[in-house]
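Down below is the structure, laid out as C-alpha cells.
The values are calculated or read from the model by the stated rules, or taken from the named source; none is laboratory data. Just so you know, these numbers come straight off a predicted model, no measurement behind them. Heads up, the Cβs are rebuilt from the backbone with ideal geometry, glycines too, and the neighbour counts pull from every protein chain shown. To get the accessible areas, we keep the full protein, side chains included, count just its heavy atoms, and leave off ligands, DNA and RNA. Shrake-Rupley method; radii C 1.70, N 1.55, O 1.52, S 1.80 Å.
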Amino acid sequence: ICKLSLQLEPGDAVLCKQHDPIHEQDQFLEDASVASPWSPRDLVPTRPLVDVSLVGEAFSARGLPVTLLTPRLRLGTIDKALLVEALESGEALPSFRQASLSYDYASAGPTNPVGSRDGEGARAPYRILGSIDAGATNPGHTSPGFGPIPGHWPARQRILGEHSEPDIIPYGPP
C-alpha cells in the first residue's frame with residue numbers, strides 16, 4: 001500500500017506531517033446507508049490502477065459570495081470538474097462562499113445513492129449538479145464528486161464484481 005495525505009492550497013499541494021491511517025474498511029461520518037464515505041478501505045484485492053480521491057470543501061476565490069462554483073481535480077492524466085450551484089432561498093441573489101464536496105450534497109442517482117432527490121432535504125445553500133467534462137479522462141466515471149465510492153454502492157459493485165464485499169463500518173471518526 002502506498003498512501004499519501006496532502007494539504008491542498010491554491011496552486012500548491014503540501015505533504016501532511018501526519019497521514020491518514022490505513023483503513024481495513026470504508027469509513028463514514030454517519031450511518032453508511034445514508035452518508036458519504038470520508039475514507040475508503042485501503043486493504044483490497046489487487047488494483048490494476050491507482051485510486052485518487054478528494055474529500056473536503058471547495059472555496060470561492062477571495063471568499064466572495066458566488067452563485068456557481070466549479071471545483072476541479074487535475075492530477076497527471078486525471079481531470080474532473082464539478083458544478084456547484086446556489087439554491088433558491090428567497091434572497092434576491094442566492095449565494096455561498098464554500099461548499100462541501102460530499103456526495104450528500106449532490107442529486108441522488110445510480111452513481112450516488114445517498115444524495116438528495118429533487119433538492120429535498122437540502123442541508124446547505126447549494127447543491128452539486130454533477131460532474132462536467134473537464135477533459136474527459138474517464139468518460140465512464142460520472143459520479144457527482146471526487147470522493148471514494150464505497151464497495152456497497154451499486155456503481156462500485158458493478159466494477160468489483162466477484163470481489164465486492166458487503167461488510168461496512170457504519171460510523172468512523174472524523
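At a 1.4 Å probe radius, carbon and sulfur cover how many percent of the accessible area of the stretch 11-93?
Taking all protein chains in place, the stretch 11-93 shows 56 percent carbon and sulfur surface.
With label points built 7 Å along Cα→Cβ from the Cα atoms of ASP42 and GLN7, find their separation and express it in nm.
Placing both labels 7 Å beyond Cα along the Cβ direction yields 2.0 nm.
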